[in-house]
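Beneath this line is the structure, given in structure tokens, with notes to follow.
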Amino acid sequence: MATLISTFWEGIRYRGRESQWAFIFHRISGLAVLAFLALHIVDTATVYFFPALYADAIGLYRSTPFMLGEIGLMAAVIYHGLNGYKIIYLDQQPARWRPAAEARWFWGIVITSVVLWLPGAIIMGRSLYLHNFCRCAPAAAAALPVFPAWANGAIVVSLIAAIVVVARMAAIRVGPGGVRRNFDTWMWLFMRWSGVLLVPLAWVHVLINDVIFGVHAIDLNYVALRWATLGWRVYDMALLAFTFAHGVNGLRYVVTDYVHDAGLKKALNWAMLAGWVIITAIGAVAIIGGVSAK
Ligand code: HEM
């Protein structure tokens, strides 16, 4: 415990300026999105396991603290994605990295994140005001949103993207004298190549559900309609598989940094593995099973 606390405080006291701020923002945003995602997979799975409870689950997302949290979460996903792309770009050729450019990267990413976040934040903030404060939101349109069938194209796109990611990982050679590929080097590659996929997967999901439709338009019928198109199920399956594995492995990095007791670290690694398997299985069964008529 003492090592954990001292590692944590030394990390805060270190005067690394923009490079360190970028690292801290990346870490906090990744963990925040992971915490939300774990909850979101489980509550969405009620559509299959306990459909009668789904209304309560979605009711939580319509509360003011949750709606505010989702506006913040969108900022976290945007910042983490852009900063993740920077890491991936620089890692491809480390010679591109210049200490002097760190400040420019950091502020460039922060400003771009704000610019991308602001329109969505205004739309979500307006919805929060109309529904939770003035309570004067227009009645929901009777017609359900129609999800275009071209989403079936997502099947092909997801499969191609997954093949490219796996092939790219497998093709990376380790030069003479380089590190032999072990579990950690595989995971290091996975974090980068899954990251490439996560911007389209996670950003589009947030854009459609939180910004375009909004939590007040989401109910059992919405989920049923969405999953009536096979493409959306494949898309959600890819989202579940890549995003949750990426996030849990990121959590493993954080634990490795702060927990130095071998026994505790081993116990936490097993707990994370179990959590990852159980939650992924719950999400996968729900996506395959669809909205239950129970
Ligand atoms: C939106 C696209 C995303 C991109 C481009 C991306 C990229 C990255 C990259 C490159 C890393 C560094 C890995 C390393 O140091 O080896 C990373 C770490 C991490 N990511 Fe992501 N990621 C994305 C989305 C997500 C999502 C949706 C989550 C949550 C489920 C997440 C959670 C994490 C965590 C917890 C870490 C570890 C942070 C740390 O070690 O400080 N990421 N991400």
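Laboratory data are not the source of any read-out in this text; all were calculated from the coordinates shown. Fair warning: this is a prediction, and the values are worked out from it, not measured in the lab. FYI the Cβ positions are ideal-geometry reconstructions off the backbone, even for glycines, and counts take in every protein chain you see.
Here are the numbers for the structure shown:
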quantity: Helices (runs of 4 or more DSSP H) contained in region 217-294 and holding at least 3 residues on the phi > 0 side of the Ramachandran plot and out of contact with any Cys (no Cβ under 8 Å at 6 or more places or on another chain); calculated: none
quantity: Pairs, first under 15 Å from residue 188 (Cβ atoms) in region 84-99, second part of a helix (DSSP H, G or I), C-beta under 7 Å, six or more apart; calculated: 84/195; 88/192; 88/195; 88/196; 90/96; 91/192
quantity: Residue among 245, 271, 262 that alone is farther than 20 Å from residue 32 by Cα and either surrounded by fewer than 20 Cβ atoms within 10 Å (Cβ to Cβ) or within 16 Å of the ligand (Cβ to nearest atom) (or both); calculated: 262
quantity: Entirely in region 1-103, the helices (runs of 4 or more DSSP H) that have 3 or more residues that are under 18 Å from residue 215 (Cα atoms) and within 14 Å of the ligand (Cβ to nearest atom); calculated: 17-49, 64-92
quantity: From 291, 277, residue being over 22 Å from residue 77 (Cβ atoms), more than 15 Å from the ligand (Cβ to nearest atom) and either surrounded by 12 or more Cβ atoms within 10 Å (Cβ to Cβ) or of a type in the set (Phe, Trp, Tyr) (or both); calculated: 291
quantity: Residue count for region 3-34, restricted to those that are exposed (fewer than 13 other Cβ atoms within 10 Å of the Cβ) and within 30 Å of residue 237 (Cβ to Cβ); calculated: 0
quantity: Top-ranked residue in region 102-123 [being touching an Asp or Glu at 6+ places or on another chain (Cβ under 6 Å) and buried (at least 17 other Cβ atoms within 10 Å of the Cβ); ranked as nearest to residue 85 (Cα to Cα)]; calculated: 106
quantity: Unique match (being of a type in the set (Asp, Glu), more than 9 Å from the ligand (Cβ to nearest atom) and either without any contact (Cβ under 8 Å) to a residue 40 or more places away in the chain or surrounded by fewer than 19 Cβ atoms within 10 Å (Cβ to Cβ) (or both)) among 236, 219; calculated: 219
quantity: Identity of the residue in region 20-41, β-branched (Val, Ile, Thr) and closer than 18 Å to residue 257 by Cα, that ends up farthest from the chain's Cα centre (by Cα); calculated: 24
quantity: Qualifying residue in region 62-76 (condition: of a type in the set (Val, Ile, Thr), more than 27 Å from residue 194 (Cα to Cα) and touching an Asp or Glu at 6+ places or on another chain (Cβ under 7 Å)); calculated: no
